[in-house]
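**Student:** For reference, the structure I am asking about is given below.
The values are calculated or read from the model by the stated rules, or taken from the named source; none is laboratory data. Just so you know, these numbers come straight off a predicted model, no measurement behind them. All Cβ positions, even for glycine, are placed from backbone atoms using ideal geometry, and neighbour counts span all protein chains on display.
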Amino acid sequence: MLQIQDMRILINSTSKYPTFLLTGIPGLESAHAWISIPFCCLYAVALSGNSMILFVIISQQSLHEPMYYFLSMLSATDLGLTVSTMSTTLGILWFDVNEIHLDNCIVQMFFLHGFTFMESGVLVAMAYDRYVAICDPLRYTTILTNYRIIQMGLLMIIRTVVLIVPLLLLLKRLSFCGLNILSHSYCYHPDVIKLACSDTRANSICGLIDLILTTGIDAPCIILSYILIIHSVLSIASPQEQQKAFSTCISHIGAVAIFYIPMTILSLVHRYGRSAPKVVHSMMANAYLLLPPVLNPIIYSVKTKQIHKAILNLFLTK
């Protein structure tokens, strides 16, 4: 059955509208039904956890503050990341539906990479929020006004669209003339352009520019904000006050770690780990997109007292 499907993909790949084969868990195709159980649990945690965070922040007047507005943005982007890949991943695990046309692939990449860029921007905004709250607390409410928060949100959206649209439009001019088997259960830009049999230099350059203008700027900004925060906190005489100030950053540091570490590892695996087993590529790709949406609501629910209290009050009231 797979050989017939591969031949059909090979024929279609030389046409004007190429088709790709997505990959589930290599070597474990016979166990896809069982593997789908933990995936479904993770998706359920991601969807319910982030939806709960959003609902609590919207419904609780006491949480209408800059810190929680940025947290709601983070939960919204995590929901977008989860939904953008859930259909193809579960389609493979449940029904062995692994064909995807180029146009559908481009649409998925728009949302997948778009929400990734936005999440990176939200983490920078949250780092700035912590910097202002700790280093300039008296002007916190005057600096982070509702109008400025809206401006920051619009800037993230505009940056995402401006960067992602040219990147994806360049894919339309590529030719795919082989057996187009992708490494993951979703369309990932570096994975797609590797299958092209035409010149991809423009795509690679555009992808590098996008990487520099997102992660290349966002990561140093986050690091700089924490250098300033540490310098400011260490100048506080009381150890108790130092501990209290650092404790407000723990959740954000966790969110940064679970977002950037899997992203960095996946990029290194794609660039330098071509000889690594395919299952390594698959597991890192799934961890890259599943860990932040699953762990972020857990971290903030446990470590942020106001969120924890609001969720408890919601259940107790019901």
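**Student:** What's the number of the only condition in (1) small (Gly, Ala, Ser); (2) closer than 28 Å to Ser232 by Cα; (3) more than 16 Å from the chain's Cα centre (by Cα); (4) surrounded by 14 or more Cβ atoms within 10 Å (Cβ to Cβ) that Gly91 fails to meet?
**Tutor:** Failing condition for Gly91: (2).
**Student:** Would you mind stating whether Ala245 is part of a helix (DSSP H, G or I), at pLDDT below 90 and surrounded by 15 or more Cβ atoms within 10 Å (Cβ to Cβ)? Break it down into steps so the answer makes sense when it comes.
**Tutor:** On the way: part of a helix (DSSP H, G or I): yes; at pLDDT below 90: yes; surrounded by 15 or more Cβ atoms within 10 Å (Cβ to Cβ): yes.
Here the answer is yes, as Ala245 does meet what is asked.
**Student:** Within the stretch 309-318, identify whether any single residue is assigned to a helix (DSSP H, G or I) and within 16 Å of the chain's Cα centre (by Cα), and answer yes or no.
**Tutor:** Keep residues of the stretch 309-318 that are assigned to a helix (DSSP H, G or I), which gives 309-317.
Next, only the ones that are within 16 Å of the chain's Cα centre (by Cα) stay: none.
Scanning the stretch 309-318 turns up no residue that is assigned to a helix (DSSP H, G or I) and within 16 Å of the chain's Cα centre (by Cα).
**Student:** I would also like to ask the following. β-branched (Val, Ile, Thr), touching a residue at least 60 places away in the same chain (Cβ under 8 Å) and in a helix (DSSP H, G or I): is that true of Val280 in this structure? I'd like the intermediate steps shown before the answer.
**Tutor:** On the way: β-branched (Val, Ile, Thr): yes; touching a residue at least 60 places away in the same chain (Cβ under 8 Å): no; in a helix (DSSP H, G or I): yes.
No, not satisfied.
**Student:** Looking at (1) touching a Leu at 6+ places or on another chain (Cβ under 7 Å); (2) in a helix (DSSP H, G or I), which one does Cys41 not meet, given that it meets all the others?
**Tutor:** It is condition (1) that Cys41 fails.
**Student:** While we're here: Being in contact with a Lys or Arg (Cβ under 9 Å, 6 or more places away or on another chain), farther than 26 Å from Ile253 by Cβ and buried (at least 19 other Cβ atoms within 10 Å of the Cβ) is true for just one of Leu168, Leu102. Which residue is that? Break it down stepwise before answering.
**Tutor:** Details: Leu168 fails: in contact with a Lys or Arg (Cβ under 9 Å, 6 or more places away or on another chain).
When all the criteria are applied, what remains is Leu102.
**Student:** Mind checking which residues of the stretch 189-219 are under 20 Å from Ile261 (Cβ atoms) and either among the aromatic types (Phe, Trp, Tyr) or outside any helix (DSSP H, G or I) (or both)?
**Tutor:** Result: Thr214, single match.
**Student:** Now for a separate question. Would you check which residues across the stretch 268-290 are under 22 Å from Asp78 (Cβ atoms), touching a helix residue (DSSP H, G or I) at 6+ places or on another chain (Cβ under 7 Å) and either surrounded by fewer than 18 Cβ atoms within 10 Å (Cβ to Cβ) or among the charged types (D, E, K, R) (or both) and list them?
**Tutor:** Our first condition is that a residue be under 22 Å from Asp78 (Cβ atoms); within the stretch 268-290, this holds for 282-290.
Okay, now just the ones that are also touching a helix residue (DSSP H, G or I) at 6+ places or on another chain (Cβ under 7 Å), so 284-285, 287-290.
Ala287 - this is the single residue of the stretch 268-290 that is under 22 Å from Asp78 (Cβ atoms), touching a helix residue (DSSP H, G or I) at 6+ places or on another chain (Cβ under 7 Å) and either surrounded by fewer than 18 Cβ atoms within 10 Å (Cβ to Cβ) or among the charged types (D, E, K, R) (or both).
**Student:** Val97: in a helix (DSSP H, G or I), without any contact (Cβ under 8 Å) to a residue 12 or more places away in the chain and more than 17 Å from Asn296 (Cβ to Cβ), yes or no? First the steps, then the outcome.
**Tutor:** Values: in a helix (DSSP H, G or I): no; without any contact (Cβ under 8 Å) to a residue 12 or more places away in the chain: yes; more than 17 Å from Asn296 (Cβ to Cβ): yes.
No: the conditions fail for Val97.
**Student:** Could you give every pair whose Cβ atoms fall below 8 Å, whose first residue belongs to the stretch 17-41 and is within 16 Å of Val97 (Cβ to Cβ), and whose second residue is of a type in the set (Asp, Glu) and not in a loop (DSSP other than H, G, I, E, B), counting only separations of at least 6 or pairs across chains?
**Tutor:** Within 8 Å, the pairs are Thr19/Glu99; Phe20/Glu99; Leu21/Asp6; Leu21/Glu99; Leu22/Glu99.
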